[in-house]
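Peer 1: Submitted below is the structure of interest, expressed as structure tokens.
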Amino acid sequence: MSAQKPVLILGGGLMGLAIAHQLARAGMAVLVLSRRRSEAAGFVAAGMLAPHAEGLSGDLLALGQASLERIPAWVAQIEADSGLHCGLRPCGIVVPFASAAERDAYPTAPWGEALDRQGLEREVPGIGPAWQAGLLFAQDGQIDNRRQLMRALERACVDLGVQFLEGSEVLALEQDSHGTLAAVRLRTAEGEEQRLPTGQAVLSCGAWSAQLLPQLPIRPVKGQMLSLQGPRRALGRVIFGPGTYLVPREDGLLVVGATSEPEAGFSEGLTPAGQRQLQAGLTALLPAAAQWPPMERWWGFRPCTPDEGPLLGEGPIPGLWLAAGHHRNGVLLAAITAELIAAALQSDAVNAAGPGPEHEIWLHSFRWTRFSPGSSQANGNPEPGLTC
Ligand SMILES: Cc1cc2nc3c(=O)[nH]c(=O)nc-3n(C[C@H](O)[C@H](O)[C@H](O)COP(=O)(O)OP(=O)(O)OC[C@H]3O[C@@H](n4cnc5c(N)ncnc54)[C@H](O)[C@@H]3O)c2cc1C
């Protein structure tokens with residue numbers, strides 16, 4: 001590592017790695033403090049890139065669309081830096097509906113191609129009989145986050161000189177007499193407590209972020225998943241049904257997701273009810289797939305905020321930046337998050353004029369204080385408290 005004091009990345013999940021990568025590309029020294037690599041939602045997610053199929057609205061839709069646009073170049077950069085493929089598939093996503101009226105009322109219907117039953121059968125051969133209409137979002141897609149993207153990011157970071165302390169839990173943030181970030185306290189994998197002085201850190205602890213800063217409105221929403229081995233190319237498009245989606249990987253692996261269990265808190269493990277729900281959703285969407293052999297079952301925690309949008313930019317402590325709360329769209333939003341946070345840190349480091357106008361608008365829309373009393377709800381999404 002260079003003699004320069006490193007930027008500390010608190011949490012080495014998807015956001016932490018994506019930001020570390022951008023900072024390292026810009027020549028900054030970076031140290032990632034990661035409690036447990038394998039618990040990161042980045043290793044759990046289905047990897048859909050789905051601002052339209054998810055039916056997002058308001059600023060969150062616009063942020064998702066901006067990130068989707070950036071993903072090909074972002075992925076190409078990671079692939080070039082790591083020498084590894086990320087498994088990006090611009091395969092399109094089909095959202096099925098029971099009726100044309102439901103289809104036409106979908107928030108993102110204007111961005112999709114309307115399908116009748118015949119169109120649905122053409123796009124998704126073997127789709128269940130309950131679905132009479134659909135929307136094809138050809139611009140949405142997927143990336144193999146679990147097996148490829150996360151690994152490629154790790155490799156790219158290491159090759160660019162990013163340092164890692166895997167197994168280190170950040171215990172607390174220390175401020176100096178002016179209230180500015182002064183140090184983080186951590187416990188290493190060997191059980192030693194250490195104090196790391198720092199001037200700049202990024203909080204990217206996913207669903208656990210409020211454990212370090214209780215004023216952040218982030219709560220876990222547990223999701224259970226499973227995968228099946230289907231015949232290669234049995235399914236070309238992702239199917240995004242209500243409550244269940246099917247994501248076909250290049251090699252025929254079919255990822256089936258996901259439950260949404262805000263009441264579960266951080267309770268670990270699979271549940272029979274969750275697994276039954278996935279099985280029922282799978283059978284309704286693609287009956288033949290119910291016979292395909294199961295491969296893996298797993299779970300993880302989405303970092304959810306009251307309006308389901310992320311918290312980006314300056315945090316409550318000067319010197320601490322936030323990249324957290326991406327809920328069910330973190331894979332989609334990783335590209336723009338990394339760009340925004342890395343640019344903000346760089347301009348801060350060189351005392352530059354600050355973020356450019358486009359960045360400034362995003363950082364304002366997704367500032368963490370938007371939920372404070374007196375702050376107008378900026379994102380056009382559900383009212384605070386209704387969704388998590
Ligand atoms: C079931 C499921 C399905 C999903 N599907 C999709 C999808 O299809 N498309 C999409 O765009 N998004 C999806 N997501 C959302 C996406 O995975 C998340 O939004 C994203 O991974 C969040 O990234 P993160 O870096 O903030 O958190 P994470 O990836 O969870 O990483 C957080 C890391 O911080 C570490 N950490 C926590 N506390 C500490 C501490 N005190 N000290 C040190 N380290 C700490 C943890 O160990 C963890 O490794 C899904 C999520 C789930 C759970």
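Peer 1: Do you know which residues across region 7-58 are more than 6 Å from the ligand (Cβ to nearest atom), more than 15 Å from VAL158 (Cα to Cα), in a loop (DSSP other than H, G, I, E, B) and among the small types (Gly, Ala, Ser)?
Peer 2: Correct list: ALA50, ALA53, GLY55, SER57.
Peer 1: Just to be sure, is LEU282 within 12 Å of the ligand (Cβ to nearest atom), surrounded by 15 or more Cβ atoms within 10 Å (Cβ to Cβ) and not in a loop (DSSP other than H, G, I, E, B)?
Peer 2: Numbers: within 12 Å of the ligand (Cβ to nearest atom): no; surrounded by 15 or more Cβ atoms within 10 Å (Cβ to Cβ): yes; not in a loop (DSSP other than H, G, I, E, B): yes.
Taking the combined requirement at face value, the residue does not satisfy it.
Peer 1: Spot the failing condition for GLY167; the list is (1) buried (at least 18 other Cβ atoms within 10 Å of the Cβ); (2) touching a residue at least 60 places away in the same chain (Cβ under 8 Å); (3) of a type outside the set (Ser, Thr, Tyr), and only one is missed.
Peer 2: Result: GLY167 fails condition (1) only.
Peer 1: Out of everything in region 346-388 that is at pLDDT 85 or above and open to solvent by 60 Å² or more (accessible area, probe 1.4 Å), what residue ends up being nearest to LEU8 (Cα to Cα)?
Peer 2: Within region 346-388, the match that is nearest to LEU8 (Cα to Cα) is GLN346.
Peer 1: Ok, one more. Would region 239-246 turn up any residue that is open to solvent by less than 10 Å² (accessible area, probe 1.4 Å) and within 9 Å of the ligand (Cβ to nearest atom)?
Peer 2: No, because not a single residue in region 239-246 is open to solvent by less than 10 Å² (accessible area, probe 1.4 Å) and within 9 Å of the ligand (Cβ to nearest atom).
Peer 1: Give the number of residues within region 197-226 that are in a strand (DSSP E or B) and within 12 Å of the ligand (Cβ to nearest atom).
Peer 2: Start the filter on region 197-226 by keeping residues that are in a strand (DSSP E or B), which leaves 197, 201-203, 219-226.
Filter once more, keeping what is within 12 Å of the ligand (Cβ to nearest atom): 201-203, 220-226.
Result for region 197-226: 10.
Peer 1: May I pose another question? Could you list, in sequence order, all residues of region 306-345 that are more than 12 Å from the ligand (Cβ to nearest atom), open to solvent by 10 Å² or more (accessible area, probe 1.4 Å) and among the acidic types (Asp, Glu)?
Peer 2: Passing the criteria: GLU314, GLU339.
Peer 1: Select from region 285-299 the residues that are open to solvent by less than 70 Å² (accessible area, probe 1.4 Å) and more than 25 Å from the chain's Cα centre (by Cα) and list them in ascending order.
Peer 2: Across region 285-299, the qualifying residues are LEU286, PRO287, ALA288, ALA289, ALA290, TRP292, PRO293.
Peer 1: List every residue pair whose Cβ atoms sit under 8 Å apart, with the two residues 6 or more apart in sequence or on different chains, where the first one lies in region 246-271 and is more than 16 Å from VAL124 (Cα to Cα) and free of Cβ contacts under 8 Å to residues at least 24 places away in the same chain and the second, anywhere, is open to solvent by 40 Å² or more (accessible area, probe 1.4 Å) and assigned to a loop (DSSP other than H, G, I, E, B).
Peer 2: ASP251/ARG232
Peer 1: State whether the residues of region 159-168 include one that is assigned to a helix (DSSP H, G or I), more than 10 Å from the ligand (Cβ to nearest atom), of a type outside the set (Lys, Arg) and not assigned by TED's automatic domain parsing to the domain that holds ALA105.
Peer 2: Taking region 159-168 first, the residues assigned to a helix (DSSP H, G or I) are 159.
The next check asks that each one be more than 10 Å from the ligand (Cβ to nearest atom); those that pass are 159.
Filter again for of a type outside the set (Lys, Arg), leaving 159.
Now drop any that are not not assigned by TED's automatic domain parsing to the domain that holds ALA105, which leaves 159.
Yes, because at least one residue in region 159-168 is assigned to a helix (DSSP H, G or I), more than 10 Å from the ligand (Cβ to nearest atom), of a type outside the set (Lys, Arg) and not assigned by TED's automatic domain parsing to the domain that holds ALA105.
The values are calculated or read from the model by the stated rules, or taken from the named source; none is laboratory data. Remember, predicted model here, so these are calculated numbers, not experimental data. Reconstructed Cβ throughout: ideal geometry from the backbone, glycine too, with neighbour counts over all protein chains shown. In case anyone asks, the SASA skips ligands and DNA or RNA and just uses the protein heavy atoms, side chains included. Shrake-Rupley method; radii C 1.70, N 1.55, O 1.52, S 1.80 Å.
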